[in-house]
Structures are given as structure tokens and as C-alpha cells.
Amino acid sequence: MRLAQECTAETVGTFLLVLFGTGAVAAAVLTGAQVGLWQVAVVWGLGVTLAIYATAAVSGAHLNPAVSLAFALLRPREFPARKLLPFWVAQLLGALLAGLVVLFAFGPFITRFEAKEGLLRGQPGSELSAMVFGEYFPNPAMFGTDEAAHALISPLGAAAVEGLGTAILAFMIFALVDRRNGSLSAKYLAPPLIGFTVAALISLFAPQTQAGWNPARDFGPRIVAFFAGWGEIAIPGPSNGFWAYIAGPLVGGPIGAAAYDLLLRRALPPSAESPPSPFGKGG
């Protein structure tokens with residue numbers, strides 16, 4: 001029963017996170033609202049913050065398969081491995097539902113945008129509209145979709161960028177929720193600081209990969225795009241590169257968390273209380 005409640009919270013939290021984020025991308029790409037990378041990044045960060053506040057007391061607010069994997073590997077007492085697959089399913093479901101809502105809310109605007117830009121859904125070039133759901137490298141809105149753009153970054157390079165960004169995010173999450181870190185109150189300050197970390201990382205790396213850092217965030221809406229007519233543009237994507245948004249974060253997340261433990265956590269004073277996973281409950 002408890003695990004079901006935690007998974008429900010993960011679904012709800014991931015839904016909120018992805019709805020705010022992909023909704024901001026949709027508004028920017030399709031209507032010109034929130035024009036500018038920082039504006040979109042801020043909405044993503046706010047979505048992360050609100051989702052954490054809403055669900056942390058129930059599930060710990062992982063909201064990201066890479067974060068759950070990092071906790072399963074490095075905090076197994078607080079988050080046992082048996083919870084990993086249910087959390088992953090819940091997170092993917094939340095992201096998929098958010099993608100469906102975005103498709104419903106912005107469907108006519110997507111059609112209008114495609115007509116205006118001369119795009120045929122599911123054909124090369126339609127990444128410009130599909131980027132509302134999944135992510136592409138390099139950012140189609142900035143660099144276009146021609147061969148010269150595709151030559152800027154390889155699938156392996158995109159996976160490396162996604163791994164790096166997720167490693168930094170996981171490093172900060174593990175630092176911010178560690179009760180032995182007496183510099184802050186995790187319960188109140190960690191959510192906005194994690195959201196700000198996401199916004200900052202998007203501002204740095206969105207030109208390269210659209211800055212996913214979360215396999216559920218990418219793959220859930222990408223499934224929606226696949227069945228909504230984008231087909232192979234969604235999965236496997238140009239250069240067969242959709243895997244970069246899954247493999248990169250799943251490798252980078254545990255590396256970043258381990259780096260925190262190795263470089264900083266060992267220097268903190270020991271505590272009788274075990275650090276939560278995260279924010280005190282649900283691990």
C-alpha cells in the first residue's frame with residue numbers, strides 16, 4: 001500500500017514537472033511566448049520546484065529515473081532496489097500523461113505552426129514541431145534540421161552532454177538533501193535550489209541537446225509524439241539518437257551522486273540520523 005502511494009506521488013510529481021516544462025517549450029516554439037532560453041529555463045525550474053514541494057513528503061520526489069537509480073545505488077538503506085522499477089514506471093507514466101495534455105492543449109497551434117513553416121509531420125525537418133515533446137540535438141529551434149546542423153554533435157556527444165548535466169544535477173541534489181550539510185534546511189531550501197540548478201543547466205546546455213537530464217521527461221512525451229504522427233522522427237529520431245536521452249542521464253546521475261559522496265560528504269561531521277531520500281520521507 002505504501003509503495004503504491006509513493007508511486008502515485010511520483011506519477012503526479014513527474015506529470016507536473018513535465019507539464020510545466022514541455023508547456024513552456026510549446027508556448028515558446030509555437031506562439032512566441034516566453035521568447036528566450038532563460039525564460040523557458042525559469043519555467044522548467046519553477047515546475048521542478050513546485051513538483052518537489054507537492055510530492056516530497058510522500059515519495060521523496062525523485063521524479064527522474066536517473067535520480068532514483070542514484071539513490072538505489074548509493075543510498076540503498078533509504079531507497080531499496082526493489083522500489084526502482086515501480087518508481088521508473090510511475091515516472092514514465094506521469095511524463096506520458098503530461099505529453100498527452102500538451103498535445104491536447106496545443107494541438108491546433110502545432111498544426112498551424114507546421115503549415116506556416118511548411119513542415120510535414122513525420123518527415124525530416126518536423127523535429128521543429130516534435131521538439132515540443134521530445135528532445136533533439138542540436139536544438140532545432142537554434143540550429144535548424146539540415147545535415148550541417150546534425151554534424152555539430154553526434155549521438156555519443158549528445159549522450160555525454162546529457163550525462164554531464166545529469167551528473168551535476170545529481171551532485172547538487174545529494175548535497176542539498178544531506179542532513180549532515182548544516183549550511184541549509186533541506187525541507188525548505190532544497191526544492192527551489194534544485195529548480196534553480198535545473199534552470200541554470202538548461203541555460204548552459206539547451207543549445208546542444210535541449211537539456212533533458214531525465215529519461216522519463218524525454219521518453220514519455222516522445223511516445224506521445226510517435227503515435228501522434230511524428231513516427232520515426234520521434235523514435236528512433238534523426239541519427240537514431242533517442243537513446244542519448246536515456247543512457248546519458250542513467251550513467252551520469254550515479255556518477256554525480258558518487259562524486260558528492262567521494263569529494264564532500266566524507267568531510268562532513270557524522271550524524272546519528274541517516275540522510276533522507278530525499279526530504280525526509282518516502283525513501
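The numbers here are math on the coordinates, done by the rules we state, and not lab data. Please read these numbers as outputs of a predicted model, since none were measured by experiment. Note: ideal-geometry Cβ built from the backbone for every residue, glycine included; neighbour counts use all protein chains shown.
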- Let me know the charge dipole size of region 56-126 about its Cα centre in debye, to the nearest 20, where only the beta-carbon of Lys, Arg (+1) and Asp, Glu (-1) is charged. 200 debye
- Message: Quick check: the distance between the Cα centres of region 19-76 and region 150-200, to the nearest angstrom?
- Response: 11 Å
- Query: Mind checking the log10 I(q)/I(0) for region 5-59 at q = 0.25, 0.27, 0.31 Å⁻¹? Debye, one equal scatterer per Cα, no solvent, two decimals.
  - Reply: -0.84, -0.91, -1.08
- Task: Could you tell me how many degrees, from 0 to 90 and to the nearest 10, lie between the Cα long axis of helix 65-74 and the main elongation axis, the longest principal axis, of the Cα atoms of the chain?
- Result: 30 degrees
- Item | Dimensionless Rg over Rh [region 1-157; C-alpha; Kirkwood] | 1.04
- Note on the structure: With a Förster distance of 35 angstrom and the Cβ-Cβ distance between L156 and L120, calculated FRET efficiency to the nearest 0.05 equals 0.75
- region 156-275 - charge dipole about Cα centre, Lys and Arg +1 at Cβ, Asp and Glu -1, debye rounded to 20: 320 debye
- Please report, to two decimal places, log10 I(q)/I(0) for the chain at q = 0.13 Å⁻¹ as given by the Debye formula with identical point scatterers on the Cα atoms and no solvent. -0.79
- Give me the number: length gained by fully extending T111 to L262, i.e. 0.36 nm times residue separation minus the C-alpha to C-alpha distance, one decimal in nm. 49.4 nm
- Name the most mobile residue of E135, E232, E162, meaning the one with the largest mean-square fluctuation, in a Gaussian network model of the chain with Cα contacts below 10 Å. E232
- Message: Output wanted: per-residue J couplings in Hz (rounded whole) for region 117-130, from phi through Karplus 6.51 cos²θ - 1.76 cosθ + 1.60, θ = phi - 60°, x for Gly and Pro.
- Response: 8, x, 9, 9, 4, x, 9, x, x, 6, 4, 4, 9, 5
- Along its principal axes, what span do the Cα atoms of region 1-92 show, with the longest given first and each in whole Å? 46, 25, 20
- Working from Cα positions, state the angle (0 to 90°, nearest 10) between the long axis of helix 215-225 and the longest principal axis of the chain. 30 degrees
- Task: Find the relative contact order for the chain and round it to a whole percent, using C-alpha pairs within less than 8 Å whose residues are 6+ positions apart.
- Result: 30 percent
- Task: Wrap a convex hull around the Cα atoms of region 140-236, take a quarter of its surface area, and give that in square nanometres.
- Result: 7.5 nm²
- Message: If each DSSP helix of 4+ residues adds -39,500 (n - 2.57) and the sum is divided by the residues in the chain, what number results at 222 nm, nearest 500 deg cm²/dmol?
- Response: -22000 deg cm²/dmol
- Message: With +1 on the Cβ of every Lys and Arg and -1 on the Cβ of every Asp and Glu, and nothing else charged, how large is the dipole of region 2-267 about its Cα centre, in debye rounded to the nearest 20?
- Response: 960 debye
- Item | Highest-MSF residue in the chain out of S239, S126, S68 [GNM, Cα springs under 10 Å] | S239
- Item | Alpha-carbon Debye profile of region 72-161, log10 I(q)/I(0) at 0.20, 0.26 Å⁻¹ | -1.00, -1.22
- Which of these, P254, P269, P124, has the largest mean-square fluctuation under a Gaussian network model of the chain (Cα springs below 10 Å)? P269
